[in-house]
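The structure appears below as structure tokens.
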Amino acid sequence: MRRRRVSQDQHSGPWELSTMQDEAEIQARWVEGHEAREQIIELRRRVFTGEQGFGEDMVHHERDADALHLCAMSGETMVGAIAAYLYEPGAPELADLRLPKVDGLSVQIGKRVELAEYRGRLVTEQLGTAMMRQICESLRPARFFLIIRGSHRRLADRYVRRGFVRHADIGSGDDAMTVMVVEGREAMEEFYAEHRALSKRAASDGRRLTVPSLVRFLADSGRDDLLAWNTLMTENNYLEPLSLTDELPRLAAQGQMMIAEQRPRLAATPFPPAPASLLDIGTGPGDYLAAVAKEKVLSGYRVQGVEPSSQLLARARSAFPELTFRRGSAYATGEPDSSHDVITANFLFVHLSSPDLALMEMARVLRPGGLLYVVDVNDDSFRGPDEIRSLVEAHDRHYTGDRTVLTDLPRRAGEFGLVLERRFATTLRNTGGPEPVLGQDEILLGRREGWSLLSFVRSQKVAEDMFQEAEEYYFRTGCEISLDIETQVYRKQAAGEE
Ligand SMILES: C[S@@+](CC[C@H](N)C(=O)[O-])C[C@H]1O[C@@H](n2cnc3c(N)ncnc32)[C@H](O)[C@@H]1O
């Protein structure tokens, strides 16, 4: 039987560690296969056949035309590239690679290549990390795989350290190849956590090659059917691990504190004049929206809440019959284009797997000039002893949402025409020591109340064991912990605005 040939993967060199001095000159760009075909082929040919002695077949992949290509550009010159090839369940190539059926998309990462003079600068390393992170967030694949051939098979351990397992050795001699795979819910979650952590580490080391939004690219190129709509529409990372009996009183207490904290922020925000309409996304039991709707600055507004959970929706409708609540998700609100003057997202963003997709939906629904008003915690602002910090970090690493998403939200929102206009932070402080003198943007919490700030941590199995130890430490010592609540106000640019 004639076997279909699956294009091979190849790498342009070892991943060396070095600091990138002149990264500012390099820009990352998603491109369509047909758009940059010649440049990509030319780059591969130069490296694979010119430098590394591979044959012409190494330069091509049968699925290049439909692949997602992420390239590094220095001016108009392509200096690096990597590709992701997407396979639906049942694709014959998967059987050829002895990959069993999985329920969802399989993504092959391959054709990683960079010009010799750019090696050692982590260019394609960063492209690969960002690519896999963004694919996890918005395409929600069931599996990643890659193929390594010939002498590069000795590099298999490097991929093992990244979460891949050696799946199959196929062929012999010059044709021998190793298929490396990540699959299964737990392994994929760990893989995502690792790639998200790596992206953040690169950013905080100043080694950051900013990779634009894959969601934006797919929407602009008319390929948004690739996004994992079905999975994302049914997802609720917030509710999944919770008991509502415990959570509703916590949320109500949080709402009361927040309305006091928000009053001056709301008053200082230039909301469009009434009559106007406000859409609150992820509205929950409705208490907070009902309280906000009474604020003077929003009087005369039509107010509506959107919530995906039937339980919370029923609770909101019965508690506040005077308000309108609809079922919907942050990714698909069901609202018409340009239909609202203000969108609020209160403690929503940290629970989303795909913040970019939510930003795109919000930008669609807002009128030009309208405001997106985001309030959320940011764990990057956490201050406290290592005993408690490590608990927060363990939780955050494994949470499918992202409790530090606000740090990079202004850049991400900018890709959807949402420009940050105002940013406020309130520090929630708590100490077992002498009462501190508080700054203007600080709130002092009681000792128990302060600990309840961290109650979310219990929802992660990995943090369960650490929780008791940290709790004991917290109440035994007079340690101080603090966390910021951030308010970010964005304006949707009008057409033609820079
Ligand atoms: C922490 S609660 C905040 C509720 C309310 N905004 C408040 O501040 O009291 C998070 C809310 O986001 C909702 N949520 C979770 N995932 C969502 C999604 N993908 N789209 C819209 N809402 C979502 C949850 O059901 C929940 O109501």
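The values are calculated or read from the model by the stated rules, or taken from the named source; none is laboratory data. In this text, all values refer to a predicted model and were calculated from it rather than measured experimentally. Note that each Cβ is placed from the backbone with ideal geometry, even for glycine, and that neighbours are counted across all protein chains shown. Keep in mind that these areas ignore ligands, DNA and RNA; they rest on the heavy atoms of the full protein, side chains included. Shrake-Rupley method; radii C 1.70, N 1.55, O 1.52, S 1.80 Å.
Please tell me if THR178 is of a type in the set (S, T, N, Q) and part of a helix (DSSP H, G or I).
Working: of a type in the set (S, T, N, Q): yes; part of a helix (DSSP H, G or I): no.
Considered against the rule, which asks whether it is of a type in the set (S, T, N, Q) and part of a helix (DSSP H, G or I), THR178 comes out as no.
Which of the following residues is away from the ligand (no atom under 14 Å from the Cβ), open to solvent by less than 30 Å² (accessible area, probe 1.4 Å) and assigned to a loop (DSSP other than H, G, I, E, B): PHE217, PHE271?
Working: PHE217 fails: assigned to a loop (DSSP other than H, G, I, E, B).
Residue meeting the stated conditions: PHE271.
Of the conditions (1) closer than 30 Å to ASP441 by Cβ; (2) touching a Phe, Trp or Tyr at 6+ places or on another chain (Cβ under 9 Å); (3) within 10 Å of the ligand (Cβ to nearest atom), ALA291 satisfies every one except a single condition; which number is it?
(2)
Out of THR344, THR333, I need the residue that is within 14 Å of the ligand (Cβ to nearest atom), within 30 Å of ASN430 (Cβ to Cβ) and either without any contact (Cβ under 8 Å) to a residue 24 or more places away in the chain or hydroxyl-bearing (Ser, Thr, Tyr) (or both). Which one? Step through it out loud before you land on a result.
Numbers: THR333 fails: within 30 Å of ASN430 (Cβ to Cβ).
Going through THR344, THR333 in turn, the sole match is THR344.
Among the residues of the range 328-352, what is the count of those that are polar (S, T, N, Q) and either at pLDDT below 95 or not in a loop (DSSP other than H, G, I, E, B) (or both)?
Taking the range 328-352 as the starting set, the residues that turn out to be polar (S, T, N, Q) are 329, 333, 338-339, 344, 346.
Right, trim to either at pLDDT below 95 or not in a loop (DSSP other than H, G, I, E, B) (or both) and you get 329, 344, 346.
Final tally of qualifying residues: 3.
Consider ARG422 carefully, then state whether it is in contact with an Asp or Glu (Cβ under 6 Å, 6 or more places away or on another chain) and either open to solvent by 30 Å² or more (accessible area, probe 1.4 Å) or in a loop (DSSP other than H, G, I, E, B) (or both).
Details: in contact with an Asp or Glu (Cβ under 6 Å, 6 or more places away or on another chain): no; either open to solvent by 30 Å² or more (accessible area, probe 1.4 Å) or in a loop (DSSP other than H, G, I, E, B) (or both): yes.
Taking the combined requirement at face value, the residue does not satisfy it.
Just give me the residues in the range 36-56 being modelled with pLDDT under 95, part of a helix (DSSP H, G or I) and hydrophobic (A, V, I, L, M, F, W, C), in sequence order.
Listed by number, the residues that qualify are VAL47, PHE48.
Determine the pairs where a residue that is assigned by TED's automatic domain parsing to the domain that holds GLU240, located within the range 352-363, has a partner that is near the ligand (Cβ under 9 Å from one of its atoms) and assigned to a helix (DSSP H, G or I) with Cβ atoms under 7 Å apart, the partner being 6 or more residues away or on another chain.
The qualifying pairs are LEU352/ALA358; SER353/LEU232; SER354/LEU232; LEU357/LEU232.
Assess whether LEU99 counts as being in the same structural domain as ILE170 (by TED's automatic domain parsing) and at pLDDT 95 or above. Can you show your working first?
Working: in the same structural domain as ILE170 (by TED's automatic domain parsing): yes; at pLDDT 95 or above: yes.
Yes, satisfied.
In the range 137-182, which residues are of a type in the set (D, E, K, R) and surrounded by 14 or more Cβ atoms within 10 Å (Cβ to Cβ)?
As a first pass, look at the range 137-182 and keep what is of a type in the set (D, E, K, R): 137, 140, 143, 149, 153-154, 157-158, 161-162, 166, 169, 174-175.
Within the range 137-182, GLU137, ARG140, ARG143, ARG149, ARG153, ARG158, ARG162, ARG166 meet the criteria.
Rundown of residues vs (1) farther than 21 Å from LEU239 by Cα; (2) free of Cβ contacts under 8 Å to residues at least 24 places away in the same chain, yes/no style:
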residue: THR283; (1), (2): no, no
residue: ALA293; (1), (2): yes, no
residue: LYS296; (1), (2): yes, no
residue: GLU307; (1), (2): no, no
residue: SER318; (1), (2): no, yes
residue: SER329; (1), (2): no, no
residue: LEU348; (1), (2): no, no
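Is it the case that some residue within the range 394-408 is open to solvent by 50 Å² or more (accessible area, probe 1.4 Å) and either over 21 Å from GLU247 (Cα atoms) or not in a helix (DSSP H, G or I) (or both)? Talk me through it step by step, then tell me what you get.
First, pick out the residues of the range 394-408 that are open to solvent by 50 Å² or more (accessible area, probe 1.4 Å): 397-398, 407.
From what's left, either over 21 Å from GLU247 (Cα atoms) or not in a helix (DSSP H, G or I) (or both): 397, 407.
Checking the range 394-408: at least one residue is open to solvent by 50 Å² or more (accessible area, probe 1.4 Å) and either over 21 Å from GLU247 (Cα atoms) or not in a helix (DSSP H, G or I) (or both).
Applying the selection to the range 232-268, what residues are among the hydroxyl-bearing types (Ser, Thr, Tyr), more than 11 Å from the ligand (Cβ to nearest atom) and part of a helix (DSSP H, G or I)? Quick ask: steps written out before the conclusion?
Here is the first cut: in the range 232-268, the ones among the hydroxyl-bearing types (Ser, Thr, Tyr) are 234, 238, 243, 245.
From the residues that got through so far, the ones that are more than 11 Å from the ligand (Cβ to nearest atom) too are 243, 245.
Once the filter is applied, which keeps residues that are among the hydroxyl-bearing types (Ser, Thr, Tyr), more than 11 Å from the ligand (Cβ to nearest atom) and part of a helix (DSSP H, G or I), the range 232-268 yields only THR245.
Among the residues that make up the range 308-319, is at least one of them assigned to a loop (DSSP other than H, G, I, E, B), more than 13 Å from the ligand (Cβ to nearest atom), within 23 Å of ALA276 (Cα to Cα) and open to solvent by 50 Å² or more (accessible area, probe 1.4 Å)?
Let us first name the residues in the range 308-319 that are assigned to a loop (DSSP other than H, G, I, E, B), namely 308-309.
Among the residues that remain, those that are also more than 13 Å from the ligand (Cβ to nearest atom) are: none.
No: zero hits.
What's the number of the condition PRO100 fails, among (1) more than 26 Å from GLY55 (Cβ to Cβ); (2) open to solvent by less than 60 Å² (accessible area, probe 1.4 Å); (3) not charged (D, E, K, R)?
(2)
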